[in-house]
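Here's the structure, in structure tokens; my notes come after.
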Amino acid sequence: MTVLMTVNQREPLPGAQCLVEWQGLRPGDEVAAHLVTASGQHLRFPDDEVPGLRRQPWADDTWLLDAAALPAGWQRLDLVVTAPTAHPLSLSLVVRTGPGAGTEEAFQHPGLDTVGGTATVALSLAPADTGYAVLPQQVPYVPTRDPWLRGGGPAPKHVEVPQALREATALAGHAGLVASGVPVTAVLDLSASMRPRLVAGTVASVLGAVQALAAAADQPAVTVVAVSDRPQPPRQLGLADDPEEFLRAWTAEIGLRTGSRAVTTAGDGRPGVVVTVTDQEGGAAASGYRVVLAAPEPGGTVAASGLGTVVVPEPRPDAAAVVRALAHASPAS
């Protein structure tokens, strides 16, 4: 039987002996197992010899694990991948449940997207009351972070991230742009001057990057505040919603009117992360981040003019590219 695991949902293992199979690794990818003990000892396989864990000699990217043979007092075993480029991968645990053929049960990770040059924890194994349990992950690896919450506290939330947003979401998590549970708001300048960027799909593309921020915060939706001649009541944009369709319907409803300077302050006082999307290069700085949609003059460039400002000259920027730019911009307070 094969069990398709869910991220952040614990699964009890029916045995201690496992075959760990990394799937989808590419040249340059490095995989490691980090063992943490109650005494604070930290071993990193394969650099360190770890009793109970060894490579499978007849198969690439495969390990043999006997959790019962791990060092006494071990608390968790984190399986970590570091990749030079972003790409999807997965792994499975094939657990021996008894003697003989056919006495195995497979636990399949749902898949994750790496972020180039950074370490991502894919799975954590720990002792449980009835034996052992496994916890699928897809977050930046922090050695001091205990995903098993032994110190108490609420279990982490998890939202389903659409495939198109996975790379940008992973990047936002690695960059620390937003923490779990933090609300995310997009303030959109929908004045008449924004029409070329709306038609080109630029605004929708940037809004997709904001959806990725919400996904990194384990939020199911972005709160969107539109400003034309006046601020409009906020609406919710779900992670799976098409931002282009969302904008098309909203602009058809409210029309494109002469803009209001209120767009620079419409996000003030809102909790969490606020991203303002506008074509206004000057003026008062908006709170949080400001994404300016401005095409450069022929042969020229457009530079960020203030704290928290990111300039997007491309007609349809990639969500991951927008997130990278935000990661290098300190937000305005």
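The values are calculated or read from the model by the stated rules, or taken from the named source; none is laboratory data. In this text the structure is predicted, and so the values were computed from the model without any measurement. As a convention, Cβ positions derive from the backbone with ideal geometry for all residues, glycine included, and neighbour counts pool all protein chains shown. Protein only, heavy atoms only, side chains kept; ligands, DNA and RNA dropped before computing areas. Shrake-Rupley method; radii C 1.70, N 1.55, O 1.52, S 1.80 Å.
Converting phi to 3J(HN,Hα) with the Karplus coefficients 6.51, -1.76 and 1.60 and the offset θ = phi - 60°, the range 28-41 yields x, 5, 10, 10, 8, 10, 10, 9, 10, 10, 5, 7, x, 5 Hz in sequence order, with x at every glycine or proline.
Here r is the Cβ-Cβ distance between Thr97 and Ala164 and R0 is 25 Å; the resulting FRET efficiency, rounded to 0.05, is 0.10. Note on the range 1-93: with neighbouring protein chains present and a 1.4 Å probe, carbon and sulfur make up 50 percent of its accessible heavy-atom surface.
Kyte-Doolittle mean at least 0.0 and Cα extent at least 18 Å along the axis: which DSSP H helices of the chain qualify?
Once both thresholds are applied, what remains is 202-216.
The length gained on full extension between Asp241 and Ala133, counted as 0.36 nm times the residue separation minus their Cα-Cα distance, comes to 35.4 nm. Summing +1 for each Lys or Arg and -1 for each Asp or Glu among the other residues whose beta-carbon sits under 15 angstrom from that of Gly15 gives -3. Here the simple spin-label model places points 7 Å from the Cα toward Cβ, and for Thr37 and Val3 these points are separated by 2.8 nm. Which one, Gly117, Gly208, Gly267, has the greatest fluctuation when you compute a Gaussian network model over the chain with C-alpha springs under 10 angstrom? The residue that fluctuates most here is Gly117. Each 20 Å bin from zero up to the one holding the largest Cα-Cα distance in the chain carries the following percent of pairs: 30, 45, 22, 3. What net charge is computed for the residues neighbouring Arg316, neighbours being all others with C-beta under 13 Å from the C-beta of Arg316, Lys and Arg scored +1, Asp and Glu -1? Cβ neighbours under 13 Å give a net charge of -2.
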